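Here's the structure we're looking at; comments come further down.
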Amino acid sequence: MSHPKPALPLPSFTRRTLLQAALATAGTVGLSACGGGGTGGSAPTSKTLTMGAYQGDEVPRNAFKAMVEGYQGTAEPKINFVDHETFKNNINNYLQGNPDDVFTWFAGYRSRFFAKNGLVGDLSDIWADFKGFPESMKNASSTPDGKQVLVPSTYYPWGVFYRPSVWKKHGYTPPKDKAEWLALCEKMKGDQIVPMAFAAKGGWEPMGTFDQLNLRVNGYQFHVSLMDGAEAWDGEKVRNVFKAWDEFIPFQQSDALGRTWQEGAQSLLTEKTGMMVIGMFIGQQFAASKKADDLDFFMYPEFDPAIGTDAIEAPIDGFMMAAKPKNKDGAKDMLKYLATAGAVNRSLKIDSSVIGANSDASQETYSALQKKAVGVIAEAKNISQFLDRDTRPDFASTVVGPALQAYIKKPSDIDSILKNIEQQKKSIFG
Amino acid sequence: MATAQPQAKAPPTVSKPPGKTGRRPHSLKKLNPRDRRTLILMAVIPTILVVGLVWLPAIGSVVLSFTNWDGIGDLSDIQFIGLRNYTDIVTIYPPFWPAVKNNLLWLLSLFLIFTPLGMFLAVLVDRELKGSRLYQTSFYLPVVLAGALVGFIWQLLYSRDLGLINAVFGTEIDWFGNPDINIYAAMVANGWRHTGYIMLLYLAGLKGFDPALGEAASIDGAGPVKTFFHITFPVLRPTNIIIMVITFIDALRAFDIVWIINQGRNGLELIATLVTANVIGEASRIGFGSALATLMLLLSSIFIIFQLRIMVKGDQ
């Protein structure tokens, strides 16, 4: 049925008047948007201190809020929470545009890169008065030419995490070296438990396994050199890392490419798997399931007696200051506060999956797990930050991440994968 | 012969300002000054917006594709590296050719399955059977959802351990994690929305179809299928053209569903996700990402030119 065209039901309006009205409205809206965008939300006073924070999940977010609440200075902090991944992804535009005075970030290649390009403020003057940070912390917060740009706050180790109650039930003990570890995996397989939970959906999770293996098989110095782009990815040393990894593939959870780390942690909680190479943040999943006490870890075992186990991977989170903050004095005042043990204590009361970077941080509220983490890190001679913080991010996320996923999909392709990484590395690093 | 008015976006070749038909004078001189000014404003302002917000950035992208800029620092520090980005993409960048393959698969799925399905549903709904309004609404409902939301909804269905499909059929298929099948799973999710969109466009066209033609055909003894293919389909040529254009554009632009699933990795690579992964985010390989975007532009241009030739040839 064809329908007649309906007549315009507004006889007094001509089309012209309608269009004029629309243009006027659009113009007003446009002008007010232009004007409003410049000043932002509520009128800022000179005391306002804007803080950008990337804590997306509930526990870290509450921990940070508690930390800022303890601030006694004159500045009035105003926190802008942004989802974690969004914050990290937009960091370049953020810093070159209109950054908050103080913002959360972490140690590693990227913080040094920002300093080199003049995107963050120099904090060496307030660092001089900081108490409680060992030399390794100061080094992690500095640029190559000795200026401090980061105020460390918390950090956490990566290790092999397991549930002591389940292990006790089956009679498992933490392995000291590779041979013991392989034997343990065989035993678990015999008991119908998948030995190693494994997730790789985000592309970054397997970097943890790669880092640990590289630190154990080739040592800390080689790892740093590889991250700097100074070593061949298709050379024998890196090939040995994957030879070692190949031996564990039969014991890893299959279908890892569709699994998130949270799902991997859940498999530990439901006793489907025996252990997981992950960071201490797995505690957040255990806390949510009210099994926070049933979590323990062991250091990645020894693979080569000549290298031992003195390197640990422990990413450091902290705060940086924008290059041109609107409230510079307030920012430095706040950063001085955030560096104190008292400040980080408030955060640790709520988020027990990390430990304070300040050695004077109170260990009263620490769980057994946190105390163990402190001990393990104190014994380590060298601390690495995690692959995607230690090397160029355009190399880590666009080359290594997908390459590791390709390896997990088909381990036999490793030679061509490594050759391809090397080619892309040469193209990116120059 | 009644021709259907295009009720969705007009085909990209329309250049006359809206509202002017053949009856008014074309020459500007014959209009009074107020009309002339209004006309000029109506043409100039959108043109400035399109040139400024679409063309200039596009040209900027093409220029940047010859650099290795990382988004930081002065524009004057940008170094030109010639065609290296392009050679890298085509030779040593592993996700590129799978992405091209996936884009083509996406295009084929829309063209061969979901667009014809939408047209078929439109024909059925047009017959105004009992409950056709209900069908119309329920088929169209997915269209109002954003792509990201569609991806999220289908995640709940497709999840390996906790999803509805695996729960109902008792299977353990890793729909989104298995690189051999996840592109097909994503295409089904996209088709779910795309079908409703095409259905509505085609329905609009069908409503303008003169029933006298259909009656004439049935008098001549043609069944409903023959009537459709020999009469309805050719008569609805303008609508068909719009639908073809929309199908092409959506296929080449496919992005949000796949991004929401896993940022376009592990079998779900699409050129749009590669561009985003390189340009946006910490990676900030602006030069490299711009080269990918330029290649996407070229690929789309090939298809659009091909299609325009069919359109123009048909009009003659």
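Derivation of every value follows stated rules applied to the coordinates shown; laboratory data play no part. Keep in mind that what you see is a predicted model, and the values were worked out from it rather than measured. Backbone-built Cβ (ideal geometry, glycine too); neighbour counts: all protein chains shown.
What to note about this one:
- Among the DSSP helices (H) of chain B, those spanning at least 18 angstrom by Cα along their long axis with an average Kyte-Doolittle hydropathy of -0.5 or more are B:33-50, B:96-109, B:182-207, B:237-253, B:286-315; this is a geometric and hydropathy rule only.
- Measuring r between the beta carbons of A:Asp145 and A:Ala179 and using R0 = 35 Å, the FRET efficiency lands at 0.20.
- By DSSP, the beta bridges lying fully in chain A are antiparallel in about 55 percent of cases.
- Charge dipole of segment B:97-259 about the Cα centre (unit charges at C-beta), most positive-ward option of B:Ser159, B:Val188, B:Leu129: B:Leu129
- In segment A:85-184, taking the dipole from charged Cβ atoms about the Cα centre, the farthest positive-side position among A:Tyr94, A:Ser141, A:Ala128 is held by A:Ser141.
- Between helix A:15-39 and chain A: long-axis angle, C-alpha atoms, 0 to 90°, nearest 10: 50 degrees
- Cα gyration tensor, the protein assembly as shown - rounded (a/c under 1.5), prolate or oblate: prolate
- Listed residues A:Ala63, A:Ala199, A:Ala288, most fluctuating in chain A (Gaussian network, C-alpha, under 10 Å): A:Ala288
- In terms of packing, defined here as the mean over residues of other Cβ atoms within 10 angstrom, the peptides A:368-380, A:207-219 line up highest first as A:207-219, A:368-380.
- Whole-Å distance, taken between Cα centres, linking segment A:353-430 and segment B:143-163: 31 Å
- Multiplying each eigenvalue of the alpha-carbon gyration tensor of segment B:138-235 by 5 and taking the square root yields semi-axes of 40, 15, 11 Å, largest first, rounded to whole angstroms.
- Spin-label model, B:Leu31 to A:Lys291: label points 7 Å out along the Cα-to-beta-carbon direction sit 7.3 nm apart.
- Between A:Gln72 and A:Lys324, the contour length at 0.36 nm per residue exceeds the Cα-Cα span by 88.4 nm.
- Rough spin-label spacing in nm, given labels placed 7 Å along Cα→Cβ, for B:Phe152 and B:Met244: 3.8 nm
- Comparing mean-square fluctuations of B:Leu156, B:Leu274, B:Leu41 from a GNM of chain B with C-alpha springs under 10 Å, the top value falls on B:Leu41.
- Computed from Cα positions, the angle between helix A:414-429 and the longest principal axis of chain A comes to roughly 50 degrees.
- The distance between label points at B:Ser218 and A:Lys65 comes to 6.6 nm (points 7 Å beyond Cα on the Cα→Cβ vector).
- Beta bridges per DSSP with both ends in the protein assembly as shown, % antiparallel, nearest 5: 60 percent
- A Förster radius of 22 Å combined with the Cβ-Cβ distance from B:Asp74 to A:Phe113 puts the calculated FRET efficiency at roughly 0.85.
- Over all other residues within a Cβ to Cβ distance under 14 Å of A:Gly132, the charged ones net out to 0, with Lys and Arg as +1 and Asp and Glu as -1.
- Estimated FRET transfer efficiency when R0 is 35 angstrom, pair A:Ser136-A:Glu271 (beta carbons, to 0.05): 0.40
- Using the rule -39500 (n - 2.57) for each DSSP H run of four or more residues, divided by the residues of chain A, the 222 nm mean residue ellipticity is -13500 deg cm²/dmol.
- Backbone N within segment A:390-411 under 19 Å of label point (7 Å from A:Lys243 Cα along the Cβ vector): A:411
- For a paramagnetic label modelled on A:Asp310 (point 7 Å from Cα along Cα→Cβ), amide N atoms under 18 Å away belong, within segment A:192-229, to A:214-225.
- In order along segment A:372-379, the Karplus-derived 3J(HN,Hα) couplings, from 6.51 cos²θ - 1.76 cosθ + 1.60 at θ = phi - 60°, round to 4, 4, 4, x, 5, 6, 4, 6 Hz, and Gly and Pro are given as x.
- The mean number of partner chain beta-carbon atoms within 10 angstrom of a residue's beta-carbon across peptide B:34-45 is 1.
- Here the scattering of segment A:330-418 is modelled by Debye summation over its C-alpha atoms, one equal scatterer each and no solvent; at q = 0.12 Å⁻¹ the log10 of I(q)/I(0) is -0.63.
- The residues packed around A:Gln253, meaning those with a beta-carbon under 9 Å from its beta-carbon, carry a net charge of +1 if Lys and Arg are +1 and Asp and Glu are -1.
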